[in-house]
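Worksheet: the structure to be examined is printed underneath.
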Amino acid sequence: MHRISTVAAAVIVVALVGAPPAAAAPPDLDAARLERLVTVDGITDHQRALQRIADRNGGTRATRTPGYTASAAYVKSTLEKAGYNVRFEMFNMPEWHENAAPVLQQTAPNAKTYVAGSAADDDSASVDFIAFEHTPTKALTNVRVVPTTDIAIPSPGGTTSGCEMADFPAATSGAVALIQRGTCAFTVKLENAVQAGAIGVILFNEGDTPARTNALFRSAPLNYPIPAVASSLAVGQELYNAYQAGQNPTVNLTTNGVDEERLYPNVVAETRRGDANHVVMLGAHLDSVTAGPGINDDGSGTAFQLELAEQLAKAGTPPRNKIRFLWFGGEEDGLVGSQYYAAHLSDREVARIDMMLDTDMIASPNFARLVYDGDGSTFGAENAGPAGSGTIERVLTEYWSQRGMVSEPIPFDGRSDYVGFVNRGIPAGGVFAGAEAPKTAEQVAKYGGVEGEQLDPCYHEACDTYSTVTGQPPASTMETFATNPALAQQQANSLCGNALRSLQQFKNTLVHAAWYFARAKNAFPPKANAAQAKAAGAQHQFPYRGHDRTRDR
């Protein structure tokens, strides 16, 4: 892979965002110069601002909080100061209200009423079941209970109950599906139950460890059509044993919820110059989880895009292709903002989009250099992105390899905002520094860091802060050494400054890729027609939906 050649110095250049002409034309911009202009200090300045916003708003920037509203306002005002025309594009993320307690009663072989809980009773031993968020108001009476075929009690190795359509017997149709928690996301199990014809769901805790036995509050997909509850292991085991004994258990099941429309902003800005028929999209999510300020997840991607946009506005050479910057809300609630945005693009708009480059978590303290497997060469063609995704992967990996830095592929697992664009047949890719996965010995040999510890020890925790990104994780988060405080402190100390090293390495390859595709001519194959794009989307039924309750397994 070669860099785009520079335009001859004699060519007159125009300011990227249409600012008044300077006294002298600025020098032509190549990727190396842009990498120098986009600095770690510039990125962390924006992360510090996001931390301040969270501090003023209860420690969070989650979508349904004032911290998100303030974050969106900060991004918009920053871009406007740089000279961009910026707009809020609203998306609907319904808010679920439970109007009455759910009901679960065993009507056969025994009469028994189970104790209902609410969101406040998440993981409490004092209740037997809790309705899934986004379940409707519906009542079922004396409906038979049919388990999936692969329930295992106990399940020390984990169970795939409900993860595949083959797990649901034909008798599931018209019945309440009994599903065990296990190795795939709750949403996958719930959606498969609907496809299998179930009219209700009882999803019980797995029981593979003492910590996984109580009823939980988790999210179903938005506007889920059938009543569904998450029960304790004891409830699930009781019904399962009755079924196995040929006693044909039946239940009454009622949920009492409604989704009400709520609108929140995505933030969208474009370069004024560039071919509008070849749009290069860069996307990051602006929201955090409720537990913390999200300064890595995804304050790092948010801040990087802001710094890149600011430097491009000053730099001189306009892109050949238009660059569109996107900051999405609702990612932690199931990729809501990005999927809404992508789904509402017209076919004509899709045809004008060259690619989507996803930037989600690039400042992980125990990082690895991970790149999405766009062409499916590692994880199989069935897991590849749309045609052209392999080109994005190659540009990213070759940048690192040419500088003596190894990287490794990861699958498109559906856990970030590229999903909606892949579903529209748009080439996608990106890099990822890591979340909750433990670092392997092989990765330590490649990147350094702490074996067995999470790639981001503060993933989805209150400690995902500016001080962690610019310093070190608290020793209390080092789960690998929780029983040895002195060793935990030593390992935390060893990661001091590592998130900044991650930022330095990741921002350079992202800058290079963004400018490469912004300056490239015909880097991607002709767009698929609408039927092909629809077929491409149908092939990508991802096993995860965001990072929060919808993602939980």
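Suppose we filter segment 219-235 for residues that are surrounded by fewer than 23 Cβ atoms within 10 Å (Cβ to Cβ) and either part of a loop (DSSP other than H, G, I, E, B) or touching a helix residue (DSSP H, G or I) at 6+ places or on another chain (Cβ under 9 Å) (or both); how many remain?
So the count comes out to 5.
Restricting the search to segment 335-375, which residues are free of Cβ contacts under 8 Å to residues at least 24 places away in the same chain and in contact with a helix residue (DSSP H, G or I) (Cβ under 6 Å, 6 or more places away or on another chain)?
Passing the criteria: only ASP375.
Only one of (1) surrounded by fewer than 19 Cβ atoms within 10 Å (Cβ to Cβ); (2) not in a strand (DSSP E or B) is not met by ILE53, so which one is it?
Here ILE53 meets the rest and fails (1).
Has segment 415-426 got at least one residue that is touching a helix residue (DSSP H, G or I) at 6+ places or on another chain (Cβ under 8 Å) and on the phi > 0 side of the Ramachandran plot?
Among the residues of segment 415-426, at least one is touching a helix residue (DSSP H, G or I) at 6+ places or on another chain (Cβ under 8 Å) and on the phi > 0 side of the Ramachandran plot, which makes the answer yes.
Is it true that GLU382 is buried (at least 18 other Cβ atoms within 10 Å of the Cβ) and not assigned by TED's automatic domain parsing to the domain that holds CYS184? Talk me through it step by step, then tell me what you get.
Numbers: buried (at least 18 other Cβ atoms within 10 Å of the Cβ): no; not assigned by TED's automatic domain parsing to the domain that holds CYS184: yes.
No.
Could you tell me whether LYS81 is under 31 Å from the mean Cα position of the chain (by Cα), free of Cβ contacts under 8 Å to residues at least 24 places away in the same chain and not assigned by TED's automatic domain parsing to the domain that holds ASP208? Break it down into steps so the answer makes sense when it comes.
Working: under 31 Å from the mean Cα position of the chain (by Cα): yes; free of Cβ contacts under 8 Å to residues at least 24 places away in the same chain: yes; not assigned by TED's automatic domain parsing to the domain that holds ASP208: yes.
Judged against the criteria, LYS81 is a match.
Pull up segment 290-322, narrow it to residues that are of a type in the set (A, V, I, L, M, F, W, C) and surrounded by fewer than 24 Cβ atoms within 10 Å (Cβ to Cβ), then point me to the one that is modelled with the lowest pLDDT. Quick ask: steps written out before the conclusion?
Step one: list which residues in segment 290-322 are of a type in the set (A, V, I, L, M, F, W, C), which gives 291, 295, 303-304, 306, 308-309, 312-313, 315.
Adding the requirement that they be surrounded by fewer than 24 Cβ atoms within 10 Å (Cβ to Cβ) leaves 291, 313, 315.
On the way: ALA291: 95, ALA313: 95, ALA315: 84.
Only one residue fits best here, namely ALA315.
Within segment 265-286, identify whether any single residue is among the basic types (Lys, Arg), over 30 Å from LEU239 (Cβ atoms) and touching an Asp or Glu at 6+ places or on another chain (Cβ under 9 Å), and answer yes or no. Full working, then the answer.
Within segment 265-286, the first condition is being among the basic types (Lys, Arg), and the residues that meet it are 272-273.
Imposing the further condition that a residue be over 30 Å from LEU239 (Cβ atoms) reduces the set to 272-273.
Filter once more, keeping what is touching an Asp or Glu at 6+ places or on another chain (Cβ under 9 Å): none.
No, every residue in segment 265-286 fails to be among the basic types (Lys, Arg), over 30 Å from LEU239 (Cβ atoms) and touching an Asp or Glu at 6+ places or on another chain (Cβ under 9 Å).
Inside segment 236-261, can you point out the residues that are at pLDDT 95 or above, surrounded by fewer than 18 Cβ atoms within 10 Å (Cβ to Cβ) and outside any helix (DSSP H, G or I)?
Once the filter is applied, which keeps residues that are at pLDDT 95 or above, surrounded by fewer than 18 Cβ atoms within 10 Å (Cβ to Cβ) and outside any helix (DSSP H, G or I), segment 236-261 yields ALA245, GLY246, GLN247, ASN248, ASN252, VAL258.
Within segment 272-289, take every residue that is in contact with a Gly (Cβ under 9 Å, 6 or more places away or on another chain) and surrounded by fewer than 24 Cβ atoms within 10 Å (Cβ to Cβ) and give me the one that is nearest to ALA520 (Cα to Cα).
Taking the candidates together, the pick is ARG273.
Give, as residue ranges, the helices (runs of 4 or more DSSP H) completely inside segment 424-528 that count at least 3 residues that are over 19 Å from ILE410 (Cα atoms).
On the way: elements: 441-447, 466-470, 485-494, 498-519.
In segment 424-528, 466-470, 485-494, 498-519 are the helices (runs of 4 or more DSSP H) which contain 3 or more residues that are over 19 Å from ILE410 (Cα atoms).
Taking segment 189-209 as the search range and keeping residues that are at pLDDT 95 or above and in a loop (DSSP other than H, G, I, E, B), which one is nearest to the chain's Cα centre (by Cα)?
ASN205
Tell me which residues, restricted to segment 388-412, are hydrophobic (A, V, I, L, M, F, W, C) and under 22 Å from the mean Cα position of the chain (by Cα). Show your work before the answer.
Residues of segment 388-412 hydrophobic (A, V, I, L, M, F, W, C): 392, 395-396, 400, 405-406, 410, 412.
Within segment 388-412, ILE392, LEU396, ILE410, PHE412 meet the criteria.
Across segment 355-372, what is the total count of residues that are assigned to a loop (DSSP other than H, G, I, E, B) and touching a Phe, Trp or Tyr at 6+ places or on another chain (Cβ under 9 Å)? Outline the logic, then answer.
Looking only at segment 355-372, we keep the residues that are assigned to a loop (DSSP other than H, G, I, E, B), and these are 360-369.
Keeping just the survivors that are touching a Phe, Trp or Tyr at 6+ places or on another chain (Cβ under 9 Å) gives 360-364, 366-369.
Going through segment 355-372 one residue at a time, the tally reaches 9.
Kindly state which helices (runs of 4 or more DSSP H) lie completely within segment 297-354 and contain at least 3 residues that are out of contact with any Gly (no Cβ under 8 Å at 6 or more places or on another chain).
On the way: elements: 299-315, 336-343, 347-351.
Qualifying helices (runs of 4 or more DSSP H): 299-315, 347-351.
Among (1) more than 18 Å from ALA387 (Cβ to Cβ); (2) modelled with pLDDT of 95 or more, there is one condition ARG415 misses while meeting the rest; what is its number?
(2)
Considering only residues of segment 131-172 that are in a loop (DSSP other than H, G, I, E, B) and exposed (fewer than 13 other Cβ atoms within 10 Å of the Cβ), which is nearest to the chain's Cα centre (by Cα)?
Initial filter on segment 131-172 (in a loop (DSSP other than H, G, I, E, B)): 132, 134-137, 148-164, 168-169.
From what is left, the residues that are exposed (fewer than 13 other Cβ atoms within 10 Å of the Cβ) are 154, 156-157.
On the way: PRO154: 31, PRO156: 28, GLY157: 26 Å.
Among residues in segment 131-172 that are in a loop (DSSP other than H, G, I, E, B) and exposed (fewer than 13 other Cβ atoms within 10 Å of the Cβ), the one nearest to the chain's Cα centre (by Cα) is GLY157.
The values are calculated or read from the model by the stated rules, or taken from the named source; none is laboratory data. This is a predicted model, so every value here is computed, not measured. Neighbour counts run over all protein chains shown; Cβ positions are idealised from the backbone, glycine included.
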